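Quick notes on the structure that follows.
The values are calculated or read from the model by the stated rules, or taken from the named source; none is laboratory data. For clarity, every value in this text was computed on a predicted model and none was experimentally measured. Positions of Cβ are generated from backbone atoms using ideal geometry, with glycine treated the same way; all protein chains shown enter the neighbour counts.
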Amino acid sequence: MKTYSAKPSDVTRKWYVIDAAEAPMGRVATQVATLLTGKGKPQFTQHIDCGDFVIVINAAKIVVTGDKMTKKIYYKHSNFPGGLTETALGDKLKKDPTFPIFHAVRGMLPVNKLRDGRLQRLKIYEGTEHNHAAQKPEIISVKEAK
């Protein structure tokens, strides 16, 4: 029996919609990263980008547990002495609601040549409206089992 290896011409991409307001940020980011890499597909191949398009809506209504709104800190350095800037998650959400989800998903993707292409297929919107209705995206629920 021979081992199957996908070719770039064999890849078929679907569109999915995920609501960020229905589950914690980590669970949403995990589901998005899995869809972007294509790991759920039977024809998944490590060196070929087999992933799908993902639309994340309600990024401004993201759910976090505990005190993460005030205690989760994002760091940025200007490469000058004393140039370290700290920003809390709550402040980042006010400035750019799409940043925390993008940052979390980017950190979950493998660091290789395929990461930039995968991130280009990620579409994040603040509200419930998106302009990808023509692609007929499939809605996926990320609600945790209770």
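Go through region 70-90 residue by residue and tally those that are assigned to a helix (DSSP H, G or I) and out of contact with any Lys or Arg (no Cβ under 6 Å at 6 or more places or on another chain).
3
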message = Can you confirm whether Pro42 is of a type outside the set (Gly, Ala, Ser), over 22 Å from Pro137 (Cβ atoms) and in a loop (DSSP other than H, G, I, E, B)?
response = no
All-but-one check, Lys41 against (1) of a type in the set (D, E, K, R); (2) at pLDDT 95 or above; (3) within 18 Å of Trp15 (Cβ to Cβ), failing number (2)
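Give region 34-56 a look and list any residue that's more than 11 Å from Tyr16 (Cβ to Cβ) and either touching an Asp or Glu at 6+ places or on another chain (Cβ under 7 Å) or surrounded by 14 or more Cβ atoms within 10 Å (Cβ to Cβ) (or both), or say none.
Going residue by residue through region 34-56, those that are more than 11 Å from Tyr16 (Cβ to Cβ) are 37-39, 41-50.
If the condition is that a residue be more than 11 Å from Tyr16 (Cβ to Cβ) and either touching an Asp or Glu at 6+ places or on another chain (Cβ under 7 Å) or surrounded by 14 or more Cβ atoms within 10 Å (Cβ to Cβ) (or both), then Thr37, Gly38, Lys41, Gln43, Phe44, Thr45, Ile48, Asp49, Cys50 are the ones that fit.
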Discussion item. Could you go through region 91-102 and let me know if any residue there is within 19 Å of Ala29 (Cα to Cα), in contact (Cβ under 8 Å) with a residue 60 or more places away in the chain, outside any loop (DSSP other than H, G, I, E, B) and not hydroxyl-bearing (Ser, Thr, Tyr).
Written reply: yes
All conditions in (1) without any contact (Cβ under 8 Å) to a residue 40 or more places away in the chain; (2) surrounded by 10 or more Cβ atoms within 10 Å (Cβ to Cβ); (3) among the hydroxyl-bearing types (Ser, Thr, Tyr) are true of Ser78 except (2)
Regarding Leu122, is this residue of a type in the set (A, V, I, L, M), farther than 17 Å from Thr30 by Cα and surrounded by 10 or more Cβ atoms within 10 Å (Cβ to Cβ)? no
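I'd like to know if region 22-37 contains one or more residues that are assigned to a strand (DSSP E or B) and of a type outside the set (Ser, Thr, Tyr).
Step one: of region 22-37, the residues assigned to a strand (DSSP E or B) are 24.
Cutting the leftovers down to of a type outside the set (Ser, Thr, Tyr) gives us 24.
The answer is yes, given that some residue of region 22-37 is assigned to a strand (DSSP E or B) and of a type outside the set (Ser, Thr, Tyr).
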*asked:* Can you say whether Thr30 is touching a residue at least 60 places away in the same chain (Cβ under 8 Å), of a type in the set (S, T, N, Q), touching a helix residue (DSSP H, G or I) at 6+ places or on another chain (Cβ under 9 Å) and over 23 Å from Thr128 (Cα atoms), as far as the supplied structure shows?
replied: no
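Give the residue, chosen from Val11, Val56, that is within 13 Å of the chain's Cα centre (by Cα) and either closer than 16 Å to Lys143 by Cβ or modelled with pLDDT under 95 (or both). Give the steps one after another, and end with the answer.
On the way: Val11 fails: within 13 Å of the chain's Cα centre (by Cα).
Answer to the selection: Val56.
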With criteria (1) surrounded by 18 or more Cβ atoms within 10 Å (Cβ to Cβ); (2) under 22 Å from Ala133 (Cβ atoms); (3) in contact (Cβ under 8 Å) with a residue 40 or more places away in the chain, Ala21 comes up short on (1)
